[in-house]
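All remarks here apply to the structure that follows.
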Amino acid sequence: MKTQARLDGILYPKIKPHRTGELLVGDGQRVFWEESGNPDGKPVVFLHGGPGAGTSPWHRRFFDPERYRIILMDQRGCGRSTPHVSEPDADLRHNTTWHLVADLELLRKNLGIETWQVFGGSWGSALALAYAETHPESVSELLLRGVFTLRRHELEWFYEGGAAAVFPDLWEKFLEPVPVSERSHMIDAYHRLLFDPDPAVHVPAAVAWTTWEASTLTLHPDPKLVASMLGDARATAFARIENHFFVNKGWFEGDQLINGVDAIRGIPTVIVQGRYDMCTPMMTAWDLHRALPEAEFVVVDDAGHSASEPGIAAALRAATDRFAAS
């Protein structure tokens with residue numbers, strides 16, 4: 001069954017935004033945001049993955065449009081935000097976790113929202129935790145999927161050869177752009193390639209980086225999902241921003257996000273994790289669960305990483321439905 005057909009049977013119907021805007025956040029950056037659903041409903045902000053993936057129209061569908069005021073935001077440099085990081089002279093000096101945390105808080109205030117539910121998957125879960133631990137008074141609930149905290153062993157698992165034990169065929173393609181002498185440090189090697197000013201160098205590297213990730217998102221292969229991520233501009237922004245964040249380990253100190261959960265113990269939280277997630281393995285969600293046992297922990301036994309997989313999508317919708325009533 002096609003992904004779209006699966007989602008039609010699980011999530012809310014398609015809707016369109018009734019308001020859009022660009023938030024001037026400084027540093028020459030404009031952050032795109034949109035609002036859909038009920039203007040008087042429960043506020044929720046959706047934090048996309050990557051970093052650098054941007055939002056998509058189907059992300060609105062996790063939320064009951066009659067009960068939620070749905071905010072989607074494209075983080076700095078990707079999606080409809082400008083300047084786009086695919087541009088030759090892209091400057092990422094002002095694109096860090098803490099810039100994004102500040103952007104979220106500025107957006108909340110500009111929209112006149114007192115508190116909002118924060119929904120984040122993959123990289124979005126790391127940003128959600130960083131934001132909530134910094135501004136717990138601004139968060140009504142947390143919904144986290146495919147938990148990722150950018151610790152060294154998490155990055156090494158997926159980008160330095162761990163996941164190659166499961167996907168050796170796909171890993172060979174990820175290795176191809178990198179000289180043999182540089183393959184012992186893949187994140188660093190890709191950093192050089194992705195930020196080479198020559199499109200003949202950085203575009204193929206971006207496509208290879210993005211293909212590796214896109215091909216491992218789901219329990220069963222989903223060629224359409226992979227193809228949707230591979231336009232040159234989208235892949236370049238995605239790969240560059242991810243790599244920039246990973247080289248800097250998210251500007252976190254080791255287990256910072258796990259160790260910082262005391263700040264969010266009073267926030268109702270749901271964690272949804274695919275058992276066979278290869279991108280952000282369950283070890284991280286388990287560490288968060290142990291540190292934050294107050295949170296509801298949902299393991300989807302027949303899923304990988306993607307929020308579009310049926311079991312994960314159903315668990316996420318169930319959680320937003322429960323939170324809508326609170």
Seminar exercise, completed: Pairing a residue in segment 298-326 that is free of Cβ contacts under 8 Å to residues at least 40 places away in the same chain with any residue that is of a type in the set (A, V, I, L, M, F, W, C) and assigned to a strand (DSSP E or B), where Cβ atoms lie under 6 Å and the two sit 6 or more apart in sequence or on different chains, gives V298/V272; G311/V300
For this session: Take the residues in segment 111-124 that are over 15 Å from T96 (Cα atoms) and outside any strand (DSSP E or B), then tell me which one is most open to solvent (accessible area, probe 1.4 Å).
Result: E114
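Report yes if L106 is open to solvent by 30 Å² or more (accessible area, probe 1.4 Å) and either within 26 Å of H18 (Cβ to Cβ) or without any contact (Cβ under 8 Å) to a residue 60 or more places away in the chain (or both), otherwise no. Lay out the reasoning, then the answer.
Details: open to solvent by 30 Å² or more (accessible area, probe 1.4 Å): yes; either within 26 Å of H18 (Cβ to Cβ) or without any contact (Cβ under 8 Å) to a residue 60 or more places away in the chain (or both): yes.
So L106 fits the description; yes.
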Problem set entry | Every pair of residues 6+ apart whose Cβ atoms lie under 8 Å, when the first sits in segment 191-216 and is in contact (Cβ under 8 Å) with a residue 24 or more places away in the chain while the second is in a helix (DSSP H, G or I) and among the hydroxyl-bearing types (S, T, Y) | L194/T236; H202/T236; V203/T236; A205/Y190; A206/T236; W209/Y190
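Within the group P51, P65, which residue is more than 16 Å from the chain's Cα centre (by Cα), open to solvent by less than 50 Å² (accessible area, probe 1.4 Å) and at pLDDT 95 or above? Explain how you work it out, then say what you get.
Values: P51 fails: more than 16 Å from the chain's Cα centre (by Cα).
The match here is P65.
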Problem set entry | Test: G260 is surrounded by fewer than 22 Cβ atoms within 10 Å (Cβ to Cβ) and more than 25 Å from R61 (Cα to Cα) | yes
For this session: Output the number of residues of segment 189-222 satisfying the condition of being among the acidic types (D, E) and crowded, with 16+ Cβ neighbours inside 10 Å.
Result: 2
For this session: Mind listing just one residue for me: the one in segment 163-186 that is under 14 Å from S215 (Cα atoms) and free of Cβ contacts under 8 Å to residues at least 40 places away in the same chain and, of those, least open to solvent (accessible area, probe 1.4 Å)?
Result: F174
Problem set entry | Matching residues, segment 70-83, being within 19 Å of G124 (Cα to Cα) and open to solvent by 30 Å² or more (accessible area, probe 1.4 Å) | G79, R80
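Inspect all residues belonging to segment 78-97 and state whether any of them is assigned to a helix (DSSP H, G or I) and over 14 Å from the mean Cα position of the chain (by Cα). Break it down stepwise before answering.
Step one: list which residues in segment 78-97 are assigned to a helix (DSSP H, G or I), which gives 97.
When the remaining residues are screened for being over 14 Å from the mean Cα position of the chain (by Cα), the result is none.
Looking through segment 78-97, none of the residues is assigned to a helix (DSSP H, G or I) and over 14 Å from the mean Cα position of the chain (by Cα).
Within segment 272-293, can you find the residues that are assigned to a loop (DSSP other than H, G, I, E, B) and in contact with a strand residue (DSSP E or B) (Cβ under 8 Å, 6 or more places away or on another chain)? Explain how you work it out, then say what you get.
Here is the first cut: in segment 272-293, the ones assigned to a loop (DSSP other than H, G, I, E, B) are 275-281, 292-293.
Passing the criteria: R275, L292.
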Exercise. Given the conditions (1) under 22 Å from R240 (Cα atoms); (2) without any contact (Cβ under 8 Å) to a residue 40 or more places away in the chain; (3) open to solvent by 30 Å² or more (accessible area, probe 1.4 Å), which single one is not true for N38?
Worked result: (1)
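The values are calculated or read from the model by the stated rules, or taken from the named source; none is laboratory data. Please read all numbers here as calculations on a predicted model, not as lab measurements. When we count neighbours, we look across all protein chains shown, and the Cβ atoms used for this are built from the backbone with ideal geometry, even at glycine. Ligands, DNA and RNA are excluded from the accessible area calculation, which covers all protein heavy atoms including side chains. Shrake-Rupley method; radii C 1.70, N 1.55, O 1.52, S 1.80 Å.
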